[in-house]
Amino acid sequence: MLAAGSAAIAAVRDWHDRHVLLINVSQSLPDWAFLLERARFPARGDYVVFAPGKAPLVRRHFGKRPAPFVKITYGLPGDLVSRTGSAVIVNGRPVARLKPRTRQGEILQPGPLGLVPAGCVFAGSPHKDGFDSRYAEIGFICRDRLIGTAEGIL
């Protein structure tokens, strides 16, 4: 009995160490609460949680220590990212549209094109004002910025 109790406690501790509840305060995704699983590389369609980086535009809008971003994984290593006009396309499928400027009028630089590198993903959201891989300030999200995957719970 004691061994079973110890195993249960260890399992709960392990689960707790790998999972975190996240709240999304933006309107870029339909869910507002997520359960994060750390250190898991995303599959296509998974929510991915990542550090947005330190680009000046990120710092101006989200501060020196921005909260992790949650987006949808659209592209995996080896997938082809292209553009036709303002349409951003992954493997021939439109996933987002580019805007030339932020809502505050700042210029947005288009994100990377070509094959998604090994260890990286291309992530976005269906929201017209989503700030994600479609822009250079976020770009491909590689393992050094990946935190894990998430499941929308609310």
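Values quoted throughout were computed directly from the atomic coordinates according to the rules given, and no laboratory measurement underlies them. What you see is a predicted model, and the numbers here were worked out from it, not measured in a lab. Backbone-built Cβ (ideal geometry, glycine too); neighbour counts: all protein chains shown.
Counting helices only, and only those DSSP H runs with n ≥ 4, report the 222 nm mean residue ellipticity of the chain as the sum of -39,500 (n - 2.57) divided by its residues, in deg cm²/dmol to the nearest 500.
-5000 deg cm²/dmol
Test of understanding: what is the full-extension gain from Asp31 to Arg101, defined as 0.36 nm times their sequence separation minus their Cα-Cα distance?
22.7 nm
Consider the candidate values [x] 122; [y] 254; [z] 217; state which one is volume of the Cα convex hull per residue in Å³ computed from the structure displayed.
Correct label, based on the coordinates given: [x].
Once the dipole of the chain is set up with Lys and Arg at +1 and Asp and Glu at -1 on Cβ about the Cα centre, which of Tyr135, Ala39, Leu29 lies farthest towards its positive end?
Tyr135
Can you pull the one-decimal nm distance between simple spin-label points at Arg44 and Gln109, each 7 Å off the Cα toward Cβ?
Spacing of the two 7 Å Cα→Cβ label points: 2.9 nm.
Test of understanding: ordering Leu76, Leu154 by Cβ neighbours within 10 Å, fewest first, what list do you get?
Placing the least packed residue first, the sequence is Leu154, Leu76.
How would you order 40-51, 97-108, 24-35, 127-138 from highest to lowest mean count of nearby Cβ atoms within 10 Å?
Packing order, densest peptide first, comes out as 127-138, 40-51, 24-35, 97-108.
Considering the zone a paramagnetic label at Arg60 would reach in this model (a point 7 Å from Cα along the Cα-to-Cβ line), which residues of the range 123-154 have amide N under 13 Å from it?
137
Using the Karplus curve 6.51 cos²θ - 1.76 cosθ + 1.60 with θ = phi - 60°, work out ³J(HN,Hα) for each residue of the range 113-122 in order, rounded to whole Hz, and write x for Gly and Pro.
Result, rounded to whole Hz: 10, x, 6, 5, x, 4, x, 10, 9, 10.
Please list, ordered by chain and number, the residues whose modelled amide H lies under 5 Å from the amide H of Val95; skip anything fewer than 5 residues away on the same chain.
Val88, Ile89, Val90
Using amide H atoms built in the peptide plane, which far-off residues or other-chain residues are under 5 Å from Thr149 H to H?
Glu37, Ala39, Arg40, Val49
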